[in-house]
């Protein structure tokens, strides 16, 4: 687990650090390349906030990699136990197993078992409602990635405006100061925009990846639950 956490943080850190290092190498003219630490010092507090958001993205990536997969949403042990009860047609035992092991799959199956006596259509509607509820719960956790992807570039723009205002405030008179203002002041003010865009691109990519995975798994769990409920219902009635 700790290895996966470290891996997630390293992936995001490499992506963010790689982009910022490439930019930092050309951030000064005639004065040598900026170090990565100096680069973030120039970015100011907003740059550090954006960097912190990148760490959050790494943590969310890890969480979804661990929890948003088939083994968690459709566990093989529960599936096997329910299959055995389905072969026996023991509806009550199946309901007890679902109650003892709450989760996406078992909650959907439990809804179907509760309404199956009303008919297949009613049971199907009940299962669909529960599946939608469980999907929304998982989607709300994924949506943090979308929030970060929206906030990061806005923070970058805020840092740029702040940096330019600071540069203008420090600007006095003379051609030399004007050249310094143009080459360093504005240039360094754009650092936060760069950081914000890098984090936003990563967060957006991760968000859509997990959203697609959640959609696929939700459909898969729904189909497996429907098949399980029908098996149990048929065996319990001797059909």
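We did not get these values from a lab; they are worked out from the coordinates using the rules stated. Since this is a predicted model, take the numbers as computed values, not measurements. As a convention, Cβ positions derive from the backbone with ideal geometry for all residues, glycine included, and neighbour counts pool all protein chains shown.
General remarks:
- Sorting 208-219, 192-203, 45-56 by average packing, meaning the other beta carbons within 10 Å per residue, from highest down gives 192-203, 45-56, 208-219.
- For region 117-139 versus region 193-230, the gap between their alpha-carbon centres in whole angstrom: 20
- What the Cα convex hull of region 101-144 gives, in volume per residue, is 50 Å³.
- Peptides 75-82, 91-98 ranked from most to least packed, by the mean per-residue count of other Cβ atoms within 10 Å: 91-98, 75-82.
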